[in-house]
Amino acid sequence: MASDIRARVDALLKAHDPATTPRADFLAARFDAGLAWVHFPVGLGGLGAPRSQQALVEAELAAAGAPDNDPRRIGIGLGMAAPTILRYGTEEQKSRFLRPLWTGEEVWCQLFSEPGAGSDLAALGTRAVRDGDGWVVDGQKVWTSSAHTARWAILLARTDPGVPKHRGITYFVCDMTDPGVEVRPLRQITGEAEFNEVFLTGVRIPDAHRLGGVGEGWQVAQTTLNNERVAIGGQATPREGGMIGVVAETWRSRPELRSHELHQRLLKGWLDAEVIRLAGERLRQQLASGQPGPEGAAMKLAFARLAQELSGLEVELLGEEGLAYDDWTMTRPEVVDFTGREAGYRYLRAKGNSIEGGTSEILRNIIAERVLGLPAEPRTDKDLPWKELAR
Amino acid sequence: MSGTASSAPDLLYSDIEEELRASVRDLLADRCPPSAVLARCEGPEPYDLALWRTLAVELGTAGLQVPEKLGGAGASLRETAVVLEELGRSAAPVPFLGSAVLATTALLACEAGELLAGLTEGGRVAALAVPFSTPPGGAFPDAVRVGGDGTLSGRVTSVADALPASLLLVPAVGGDGPGLYAVEASALGVGVVRRTSLDLTRQLADVTLQGVPARQLAGPERAAAVLDRALLTGAGLLASEQLGIAEWCLGTTVAYLKERRQFGRALGSFQALKHRLADLWLETVGARAAARGAADALAVDSPDTAVAVSVAQAHCGALAVRAAEECVQLHGGIGMTWEHPAHLYLKRAKADQIALGTPGFHRNALAGLVDLPGPVG
């Protein structure tokens, strides 16, 4: 298998020299050669190979200086939309959407959360009403990263208010260029606007852009959300990768800032970072040997706590310099770098780590109920029709 | 030098390791239930030496890290660590850490083959005569002196697993410098006095030597390195025992909270308690990776061993205590009783936290190992 993949990589590089081939052409050729995501089926950018073989492709292509598809810019498409389309999409949907999604020609965003449906996502109220061979959608979505660059969105909307909340939801692909879609930047505590509010007014979606059955949107969304939380890279993280590396570098280069109290906290932070790195490495080894564990849910929780502690420590370490901030100008970045910019930005941005993609509180519930098997809290809203829920 | 690991350690369990775990767990379930541990700990024989014989000789765990040509199983410290996980899970009163880890590692490093055979094949118990709180990397202990006639005199306090030991490995300082010596516990002039120990399942003893004849195993050029290797190995593998303690405490607490009902529902359905257990589980996931990392580094003699051991010991030492404390608290009144076994684990965890370097000691050791120096002056 490995030698077959190597041969395919060699053939791709021979036919499309990265030094002279335009980036978009190279990426398209890579997709057509089945080397985009090798675990996807043949014809859809893959080879039906084990996922563990992907690391080999990435290493060989990186060594040859080939361009990548800038995964940070298209993370929602790669991590969330693609696995869901693969699992629930029709043949037409798969062949229409996956290729430009992977090459980055078309950016995707996610229209799930609403002002009234955050952790309780299933309470969402955006309505989709049947109209001939399509649907008309009205509602408001929020916390939508990449909405201002996206061509497509994965969308959850209520198609039946008369049944309990988990059962009346349908999953759609929404065209972000529809005239009924309005995107407004939502400025956040860092000063920039990474995400947006999205207003949907009479947006028309053809029924051919429905993913999964009518009323089955909640089950379809589980695929999306599970993939969001399992988005663990195929490669080992080096020691002092991430936030600890930034803080340790500041510590080493600025001896005049050190104190005994901060030293103890830094050593605890370094220890925690190394333990989390090892836990992530162990999870990676488990996945590679085909024995996935429940540890995936743990990693995001641990990462958020650590990033917040370390980024707060760094601002404190900087003392008077920590009183300054680099730039409050409102911008709309296309990519997010948790360890980018300066300490004040990192501190503020890290606050989002325990909120985005499932709050730490919800993740603890998930661990307690699905991993430890503890009983759910009693819930009064589970079996009531959505339209009768208290709001 | 920011301590870059050369290659990723193998953090999984092999099929052979899982088989070993299953057989040790079966034995302990059969012979070492909490009621039996509790009944024994205040009696005249706090160690279960019949269980030890089965575990050490019949299952062959005493010689896991010993090469086959020296009568051992020719496995490694990875397998030894798996045994410790199970012993931690059952708070078993057997001298495995003192004899099969600390003393055996020292004998291997001294190439004392014939003494090893007694341990691996004869079920003999040996102990390394240092206070159990001794961390790796410290000054060579000078509590015992070598006299002009070559005999040993001095007193070593708080030695783990010395009570059932017939062979004592004693660090001592003579005119030519430090040495490691073998002493028969039955020799004239040797006193081994049981201390009232916080940990009921691993007893400490004070060892006194008065003009005792001894055989030198390592002289000035090697003794410090031998002792350090034994202490580093002990500290690294103790993390696996601590992982086992934490797993028992977490599992037992989760099971109890599913069953115990108050306010008309299972206690485990209250979010305040679920979140505490989720956090504890998260720390346990980290502990498993860190403990495996240390065992693997020791087994392959990785250049990263000192870092891996201090990471594992700093994390797992604190975690085991926290897990045991949560176990007592979340069991409510029953957790405070002598009858419930939670206290056996709390006592083991708290003693283990001090053993072979506290978490704070190992965090501070990392400062030097990974170049994070403290304030100047």
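The values are calculated or read from the model by the stated rules, or taken from the named source; none is laboratory data. None of the values given here were measured: they were computed from a predicted structure. Neighbour counts are summed over all protein chains in view; Cβ atoms, including those assigned to glycine, are modelled from backbone coordinates with ideal geometry.
Taking B:Ala230, is it among the small types (Gly, Ala, Ser), touching a strand residue (DSSP E or B) at 6+ places or on another chain (Cβ under 8 Å), touching a residue at least 24 places away in the same chain (Cβ under 8 Å) and more than 14 Å from every other protein chain (Cβ to nearest Cβ)? Walk me through it before giving the result.
Working: among the small types (Gly, Ala, Ser): yes; touching a strand residue (DSSP E or B) at 6+ places or on another chain (Cβ under 8 Å): yes; touching a residue at least 24 places away in the same chain (Cβ under 8 Å): yes; more than 14 Å from every other protein chain (Cβ to nearest Cβ): yes.
Yes.
Can you find even one residue in region B:9-19 that is within 14 Å of chain A (Cβ to nearest Cβ), in a helix (DSSP H, G or I) and over 21 Å from the mean Cα position of the chain (by Cα)? Lay out the reasoning, then the answer.
The initial filter retains those residues of region B:9-19 that are within 14 Å of chain A (Cβ to nearest Cβ), namely B:9-15, B:17-18.
If we keep only those that are in a helix (DSSP H, G or I) too, we end up with B:15, B:17-18.
Next, only the ones that are over 21 Å from the mean Cα position of the chain (by Cα) stay: B:15.
Checked region B:9-19: at least one residue is within 14 Å of chain A (Cβ to nearest Cβ), in a helix (DSSP H, G or I) and over 21 Å from the mean Cα position of the chain (by Cα).
Mind checking which residues of region A:335-365 are at the interface with chain B (Cβ under 8 Å from one of its Cβ atoms) and in contact (Cβ under 8 Å) with a residue 24 or more places away in the chain?
Residues of region A:335-365 that are at the interface with chain B (Cβ under 8 Å from one of its Cβ atoms), as a first pass: A:361, A:363-365.
Residues satisfying the conditions are A:Glu361, A:Leu363, A:Arg364.
Quick grid of which residues meet (1) over 16 Å from B:Leu319 (Cβ atoms); (2) surrounded by fewer than 22 Cβ atoms within 10 Å (Cβ to Cβ):
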| position | (1), (2) |
| --- | --- |
| B:His340 | yes, yes |
| B:Tyr345 | no, no |
| B:Thr358 | no, yes |
| B:Leu369 | yes, yes |
Kindly provide the set of residues from region A:9-22 that are surrounded by fewer than 18 Cβ atoms within 10 Å (Cβ to Cβ) and of a type outside the set (Val, Ile, Thr), ordered by number. A:Asp10, A:Ala11, A:Lys14, A:Ala15, A:Asp17, A:Pro18, A:Ala19, A:Pro22
For region B:74-90, check the following and say yes or no: at least one residue is outside the structural domain of B:Ser35 (by TED's automatic domain parsing), surrounded by fewer than 24 Cβ atoms within 10 Å (Cβ to Cβ), part of a loop (DSSP other than H, G, I, E, B) and of a type in the set (Ser, Thr, Tyr). no
Out of region A:137-171, which residues are in contact with a helix residue (DSSP H, G or I) (Cβ under 9 Å, 6 or more places away or on another chain) and closer than 18 Å to A:Glu194 by Cβ? A:Ser145, A:Ser146, A:Ala150, A:Ala153
(1) touching a strand residue (DSSP E or B) at 6+ places or on another chain (Cβ under 6 Å); (2) part of a loop (DSSP other than H, G, I, E, B): which one isn't true of A:Ala157, the others all being true? (2)
Against the condition of a type in the set (Asp, Glu), crowded, with 21+ Cβ neighbours inside 10 Å and in the same structural domain as A:His148 (by TED's automatic domain parsing), how does A:Glu194 come out, does it pass? yes
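Search region B:167-178 for residues being under 17 Å from B:Gln210 (Cα atoms) and not hydrophobic (A, V, I, L, M, F, W, C), and hand back the single one that is surrounded by the fewest Cβ atoms within 10 Å (Cβ to Cβ). Full working, then the answer.
Step one: list which residues in region B:167-178 are under 17 Å from B:Gln210 (Cα atoms), which gives B:167-174.
With the extra rule that they be not hydrophobic (A, V, I, L, M, F, W, C), the set shrinks to B:171, B:174.
Numbers: B:Pro171: 26, B:Gly174: 18.
Checked region B:167-178; the qualifying residue surrounded by the fewest Cβ atoms within 10 Å (Cβ to Cβ) is B:Gly174.
Looking at B:Ser310, B:Ser302, B:Ser240, which is the one that is at pLDDT 95 or above, under 23 Å from A:Trp270 (Cβ atoms) and surrounded by fewer than 20 Cβ atoms within 10 Å (Cβ to Cβ)? Working first, answer last.
Working: B:Ser310 fails: surrounded by fewer than 20 Cβ atoms within 10 Å (Cβ to Cβ); B:Ser240 fails: surrounded by fewer than 20 Cβ atoms within 10 Å (Cβ to Cβ).
Criteria check complete, one pass: B:Ser302.
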Look through region B:233-279, keep the residues that are among the basic types (Lys, Arg) and within 10 Å of chain A (Cβ to nearest Cβ), and return whichever of them is farthest from the chain's Cα centre (by Cα). B:Arg265
Selection from region A:277-289 of residues that are farther than 18 Å from B:Ala297 by Cα and either within 7 Å of chain B (Cβ to nearest Cβ) or in contact (Cβ under 8 Å) with a residue 60 or more places away in the chain (or both): A:Gln286, A:Leu287, A:Ala288, A:Ser289
Which pairs have Cβ atoms under 6 Å, sit 6 or more apart or on different chains, and link a residue in region B:284-300 that is facing chain A (nearest Cβ under 7 Å) to one that is acidic (Asp, Glu)? B:Val285/A:Glu295
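Can you tell me how many residues in region B:210-226 are among the basic types (Lys, Arg) and over 15 Å from B:Phe140 (Cα atoms)? Don't jump to the end; show me each part of the working.
Here is the first cut: in region B:210-226, the ones among the basic types (Lys, Arg) are B:215, B:222.
Pick out the ones that are also over 15 Å from B:Phe140 (Cα atoms) and you get B:215.
Result for region B:210-226: 1.
Residues of region A:299-311 being at the interface with chain B (Cβ under 10 Å from one of its Cβ atoms) and touching a Gly at 6+ places or on another chain (Cβ under 8 Å), which ones?
Once the filter is applied, which keeps residues that are at the interface with chain B (Cβ under 10 Å from one of its Cβ atoms) and touching a Gly at 6+ places or on another chain (Cβ under 8 Å), region A:299-311 yields A:Met299, A:Ala302.
Evaluate the following for B:Thr196: is it touching a residue at least 60 places away in the same chain (Cβ under 8 Å) and among the β-branched types (Val, Ile, Thr)? Break it down into steps so the answer makes sense when it comes.
Details: touching a residue at least 60 places away in the same chain (Cβ under 8 Å): no; among the β-branched types (Val, Ile, Thr): yes.
No; evaluated as a whole, the condition is false for this residue.
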Name the residue, out of A:Val220, A:Val247, A:Val214, that is over 30 Å from A:Gly89 (Cα atoms) and at pLDDT 95 or above. A:Val247
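Can you name the residue in region A:366-381 that is within 14 Å of chain B (Cβ to nearest Cβ) and touching a residue at least 40 places away in the same chain (Cβ under 8 Å) and, of all such residues, is nearest to A:Pro161 (Cα to Cα)? Write out each step before concluding.
First, the residues of region A:366-381 that are within 14 Å of chain B (Cβ to nearest Cβ): A:366-380.
Then keep just the ones that are touching a residue at least 40 places away in the same chain (Cβ under 8 Å); that gives A:366-367, A:370-371.
On the way: A:Ile366: 26, A:Ile367: 30, A:Arg370: 28, A:Val371: 32 Å.
Ranking the qualifying residues of region A:366-381, first place goes to A:Ile366.
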Which condition number in (1) surrounded by 24 or more Cβ atoms within 10 Å (Cβ to Cβ); (2) more than 7 Å from chain B (Cβ to nearest Cβ) is the one that A:Glu274 fails? (2)
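Results for (1) under 30 Å from A:Glu256 (Cβ atoms); (2) more than 13 Å from chain A (Cβ to nearest Cβ); (3) at pLDDT 95 or above; (4) touching a helix residue (DSSP H, G or I) at 6+ places or on another chain (Cβ under 9 Å), shown as yes or no for each residue.
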position: B:Leu346; (1), (2), (3), (4): no, yes, yes, yes
position: B:Ala351; (1), (2), (3), (4): no, yes, yes, no
position: B:Phe361; (1), (2), (3), (4): yes, no, yes, yes
position: B:Asn364; (1), (2), (3), (4): yes, no, yes, yes
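Mind listing just one residue for me: the one in region B:94-138 that is assigned to a helix (DSSP H, G or I) and among the hydroxyl-bearing types (Ser, Thr, Tyr) and, of those, surrounded by the most Cβ atoms within 10 Å (Cβ to Cβ)? I'd like the intermediate steps shown before the answer.
Going residue by residue through region B:94-138, those that are assigned to a helix (DSSP H, G or I) are B:96-110, B:113-122.
So of that shortlist, the ones also among the hydroxyl-bearing types (Ser, Thr, Tyr) come out as B:99, B:104-105, B:120.
Working: B:Ser99: 26, B:Thr104: 28, B:Thr105: 25, B:Thr120: 24.
Only one residue fits best here, namely B:Thr104.
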